[in-house]
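**Student:** Okay, handing you the structure first.
The values are calculated or read from the model by the stated rules, or taken from the named source; none is laboratory data. For clarity, every value in this text was computed on a predicted model and none was experimentally measured. Cβ placement follows ideal geometry from the backbone for every residue including glycine, while neighbour counts extend to all protein chains displayed.
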There are 2 protein chains.
Amino acid sequence: MTISPDHFLNELLGYQKTAALKAAIELDLFSALAAEDGDLGQVSERTGTSERGIRIVCDYLTVQGFLEKENGRHRITPSSQTFLTRASPAYMGGIIDFLASPEMISLWLADPASFVRKGGAEGLANIAPDNPIWVKFARAMVPFVAPIAATISTEIAGWPIQPKRVLDIAAGHGLFGISLAQAIPSLEVTAVDWPAVLTIACENASAAGVAKRYRTISGSAFDVDWGGGYDIVLLTNFLHHFDRATCINLLSRAHRAISTGGRVLAVEMVPNDDRVTPPFPAMFAYMMLGSTPSGDAYTASDLEDMGRQAGFSRILFKTAEPTPETLVWFET
Amino acid sequence: MTISPDHFLNELLGYQKTAALKAAIELDLFSALAAEDGDLGQVSERTGTSERGIRIVCDYLTVQGFLEKENGRHRITPSSQTFLTRASPAYMGGIIDFLASPEMISLWLADPASFVRKGGAEGLANIAPDNPIWVKFARAMVPFVAPIAATISTEIAGWPIQPKRVLDIAAGHGLFGISLAQAIPSLEVTAVDWPAVLTIACENASAAGVAKRYRTISGSAFDVDWGGGYDIVLLTNFLHHFDRATCINLLSRAHRAISTGGRVLAVEMVPNDDRVTPPFPAMFAYMMLGSTPSGDAYTASDLEDMGRQAGFSRILFKTAEPTPETLVWFET
């Protein structure tokens, strides 16, 4: 292995990569490059930017692997075409509104040593429930979760006995429940979340044509009555925000809320037991360290243990490829 | 090529990498891991941090390639040992004080689309000459430039006729001139920079035992009289802050300040003509876009052209390996 400071310098300047992608997406640069076939003069006109700025940022994005430069012309890569041009159905650029929001950036960069010292951060938990960041979150993360929601609803729609009542805890954008309601015509969803966020979920339910089968319960999942008799309780991207005891408590409540034969489905970032592979689930623990008081990325054995303590007898794992997430089924 | 959003997500979260390295260096985590042989309980005690925070950040730094994890124990890589433990003579951690300072981070992340639109940023130029950021810069960048300064002084000390008078424009930490004065006992250095920064240069000159041969001229290089009759004028990491016309003007002034047979030495990040290789010099243009009104990374043909317009007849390039910089000699 070569001994070199290059990797350190490159990663230390990570914030400049964030900035370049944020700028490119805000300016819709990838769409412009596709439309103008890499003619930077026209790209600069279309995006309302200086030729100098566009030239330098396109060279930088080439070094970073988002563009390719041949004979002086910048072309977008297939992955950039798929995920970063607005006309693409898989467009993901909108996640900058949450993942690269000033709120998130400040959580990490204001004093990063402090959350290592304390073992957690006040994080987003100290932001009021009606803060616009939660609306940003609900809107911005849709492209990331849509493929997982589709995988889940296809699977469940194929069951011999289809579920009728689904509870979606911390529904956010509502996509998991809405996708199920679209796949199963008789299914009713009850979504729990803060009022401002439920507005987004209801908008999405209307747009999906399932508003009549979409009920909401406003408030914190920790405070409101969940009701009972559900065939499925969804805990999607929720457990990782909390410590082990809180997760067991949530799973126990979910256990009490299901009907006989009902199940709980968690969607989680699940690292291997070594906790350093695969990369995204492994890095996710750090994302929770910087943005929650005591969240974590739980391994399969962590989740099995929590599930058993909450009264479940079978805990099944299924990767949600190509996404880095795992479906975790808790059965009685 | 696989079509995947992973690279986008990973680079978009670049600011979290900056944060992890900043935290690790502030906590002197790499030294602690070396001293405690990866025992995280003792590392957490030594660094005054929570075990949970240390565990998660060490797993993250493993995913990022700064540590290796085997049998549950984190060990530092040879590069981390060399550049990130404080006892190492090549320790480079201090550069976080400039490269990951709140001032720099804010330049990039406050509104990155704006500098692409405008083709430049007010940047550090709008920070007053006596701002502490310049002192941070002068102190923090020493480990980065020290190997280049050593290479240069070894080369010049081997010349058949040794230079006697050197002018160091925008001397900063002063390392280039000081290193020459150490290598050549009769050499006298005149350093130009803002007063607060010259304090650092003078400290460094004293520590190096060359204070008696170290003169200073306080003020902006654009305002003060440079004097004349120098054997060498140093323009190290300076030209890239300015547009082409300003560079020609600076080189012309340097030309007038040298004696017959004198030379000008610039140290620059010089990308290839394609402007996207090698990675560091290519990315450097973007660093100038975000932090200066009209700076750039100039190619060899750019620099040759500027040199000729300033009256030089020979312009010679020499890489300063293993650093990403290039020595550019301007000769009459």
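**Student:** Can you go through A:159, A:134 and tell me which one is modelled with pLDDT of 90 or more and either out of contact with any Phe, Trp or Tyr (no Cβ under 9 Å at 6 or more places or on another chain) or not acidic (Asp, Glu) (or both)?
**Tutor:** The match here is A:159.
**Student:** Right, something else. Counting only residues that are closer than 26 Å to residue B:291 by Cβ and out of contact with any strand residue (DSSP E or B) (no Cβ under 9 Å at 6 or more places or on another chain), which one in the range A:75-98 is farthest from the other protein chains (Cβ to nearest Cβ)?
**Tutor:** Applying the filter and picking the extreme gives A:97.
The rows are residues; the columns are (1) within 14 Å of another protein chain (Cβ to nearest Cβ); (2) out of contact with any Phe, Trp or Tyr (no Cβ under 9 Å at 6 or more places or on another chain); (3) under 17 Å from residue A:329 (Cβ atoms).
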site	(1), (2), (3)
A:232	no, yes, yes
A:254	no, no, yes
A:271	yes, no, no
A:281	yes, yes, no
A:285	yes, no, no
A:291	yes, no, no
A:296	yes, no, no
A:307	no, no, yes
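**Student:** On the basis of being of a type in the set (Gly, Ala, Ser), at pLDDT 95 or above and under 24 Å from the mean Cα position of the chain (by Cα), does residue A:113 make the cut?
**Tutor:** no
**Student:** I would also like to ask the following. Suppose we filter B:285, B:310, B:320, B:300 for residues that are under 26 Å from residue B:114 (Cα atoms), out of contact with any Gly (no Cβ under 8 Å at 6 or more places or on another chain) and surrounded by 15 or more Cβ atoms within 10 Å (Cβ to Cβ); which single one remains?
**Tutor:** B:285
**Student:** Still on this structure, please answer the following. Residues of the range A:189-220 being surrounded by fewer than 20 Cβ atoms within 10 Å (Cβ to Cβ), charged (D, E, K, R) and not in a helix (DSSP H, G or I), which ones?
**Tutor:** A:215 - this is the single residue of the range A:189-220 that is surrounded by fewer than 20 Cβ atoms within 10 Å (Cβ to Cβ), charged (D, E, K, R) and not in a helix (DSSP H, G or I).
**Student:** List every residue pair whose Cβ atoms sit under 8 Å apart, with the two residues 6 or more apart in sequence or on different chains, where the first one lies in the range B:227-243 and is more than 19 Å from residue B:216 (Cα to Cα) and the second, anywhere, is at pLDDT 95 or above and of a type in the set (D, E, K, R).
**Tutor:** From residues that are more than 19 Å from residue B:216 (Cα to Cα), the pairs are B:239/B:268; B:240/B:268; B:240/B:296; B:243/B:296.
**Student:** Conditions first: (1) of a type in the set (Ser, Thr, Tyr); (2) under 27 Å from residue A:243 (Cβ atoms); (3) away from every other protein chain (no Cβ under 13 Å). Residue A:114 passes all but one, so which condition is the exception?
**Tutor:** Among (1) of a type in the set (Ser, Thr, Tyr); (2) under 27 Å from residue A:243 (Cβ atoms); (3) away from every other protein chain (no Cβ under 13 Å), residue A:114 violates only (3).
**Student:** With B:293, B:279 as the choices, which residue is at pLDDT 95 or above and closer than 30 Å to residue A:51 by Cβ?
**Tutor:** Step by step, each of B:293, B:279 is checked, and only B:279 is at pLDDT 95 or above and closer than 30 Å to residue A:51 by Cβ.
**Student:** Find the helices (runs of 4 or more DSSP H) located wholly in the range B:225-332 whose residues include 3 or more that are more than 30 Å from residue B:111 (Cβ to Cβ), and list them.
**Tutor:** Of the helices (runs of 4 or more DSSP H) lying wholly inside the range B:225-332, those with at least 3 residues that are more than 30 Å from residue B:111 (Cβ to Cβ) span B:244-257, B:300-309.
**Student:** Please state which one of A:231, A:225, A:243 is of a type outside the set (A, V, I, L, M, F, W, C) and within 21 Å of residue A:284 (Cα to Cα).
**Tutor:** Details: A:231 fails: within 21 Å of residue A:284 (Cα to Cα); A:225 fails: within 21 Å of residue A:284 (Cα to Cα).
Selected residue: A:243, the only one of A:231, A:225, A:243 that is of a type outside the set (A, V, I, L, M, F, W, C) and within 21 Å of residue A:284 (Cα to Cα).
**Student:** Something else now. Which condition number in (1) within 9 Å of another protein chain (Cβ to nearest Cβ); (2) within 24 Å of residue B:105 (Cβ to Cβ); (3) not acidic (Asp, Glu) is the one that residue B:30 fails?
**Tutor:** Result: residue B:30 fails condition (1) only.
**Student:** All but one of (1) surrounded by fewer than 19 Cβ atoms within 10 Å (Cβ to Cβ); (2) within 30 Å of residue A:322 (Cβ to Cβ) hold for residue A:67; state the number of the condition that does not hold.
**Tutor:** Of everything listed in (1) surrounded by fewer than 19 Cβ atoms within 10 Å (Cβ to Cβ); (2) within 30 Å of residue A:322 (Cβ to Cβ), residue A:67 misses just condition (1).
**Student:** Restricting to the range B:146-171, and then to whatever is assigned to a loop (DSSP other than H, G, I, E, B) and not small (Gly, Ala, Ser), can you tell me which residue is farthest from residue B:255 (Cα to Cα)?
**Tutor:** Once the filter is applied, the top-ranked residue is B:160.
**Student:** Would you mind finding the one in B:53, B:38, B:72 that is over 30 Å from the mean Cα position of the chain (by Cα), more than 21 Å from residue A:6 (Cβ to Cβ) and at the interface with chain A (Cβ under 7 Å from one of its Cβ atoms)?
**Tutor:** Numbers: B:38 fails: at the interface with chain A (Cβ under 7 Å from one of its Cβ atoms); B:72 fails: at the interface with chain A (Cβ under 7 Å from one of its Cβ atoms).
The conditions single out B:53.
**Student:** Sticking with this one: If you take the residues of the range A:56-110 that are among the aromatic types (Phe, Trp, Tyr) and not in a loop (DSSP other than H, G, I, E, B), which of them is modelled with the lowest pLDDT? Don't jump to the end; show me each part of the working.
**Tutor:** Step one: list which residues in the range A:56-110 are among the aromatic types (Phe, Trp, Tyr), which gives A:60, A:66, A:83, A:91, A:98, A:108.
Then drop every residue that is not not in a loop (DSSP other than H, G, I, E, B), which leaves A:60, A:83, A:98, A:108.
Numbers: A:60: 98, A:83: 96, A:98: 92, A:108: 95.
Step by step, filter the range A:56-110, then rank; the result is A:98.
**Student:** Of all residues being of a type outside the set (Lys, Arg) and farther than 14 Å from residue A:289 by Cβ in the range B:41-50, which is nearest to the other protein chains (Cβ to nearest Cβ)? Just the residue, please.
**Tutor:** If we filter the range B:41-50 for residues that are of a type outside the set (Lys, Arg), which is where we start, we get B:41-45, B:47-50.
Those still in the list that are farther than 14 Å from residue A:289 by Cβ too: B:41-43, B:45, B:47-48.
On the way: B:41: 14, B:42: 16, B:43: 11, B:45: 12, B:47: 8, B:48: 7 Å.
Within the range B:41-50, the match that is nearest to the other protein chains (Cβ to nearest Cβ) is B:48.
**Student:** Ok, one more. Being within 10 Å of chain A (Cβ to nearest Cβ) and under 24 Å from residue A:22 (Cα atoms) is the requirement here; does residue B:66 meet it?
**Tutor:** So residue B:66 does not fit the description; no.
**Student:** Which count do you get for residues in the range B:173-188 that are in a loop (DSSP other than H, G, I, E, B) and either touching a residue at least 60 places away in the same chain (Cβ under 8 Å) or surrounded by fewer than 22 Cβ atoms within 10 Å (Cβ to Cβ) (or both)?
**Tutor:** Number satisfying all stated conditions: 3.
**Student:** Just to be sure I understand the filter: pairs with C-beta atoms under 6 Å, separated by 6 or more residues or on different chains, first member in the range A:2-30 and of a type in the set (A, V, I, L, M), second member in a loop (DSSP other than H, G, I, E, B). Which pairs pass?
**Tutor:** A:12/B:100
**Student:** Which of the residues belonging to the range B:1-21 are of a type in the set (S, T, N, Q) and either more than 25 Å from residue B:96 (Cα to Cα) or at the interface with chain A (Cβ under 7 Å from one of its Cβ atoms) (or both)? Working first, answer last.
**Tutor:** Within the range B:1-21, the first condition is being of a type in the set (S, T, N, Q), and the residues that meet it are B:2, B:4, B:10, B:16, B:18.
B:2, B:4, B:16, B:18, listed by residue number.
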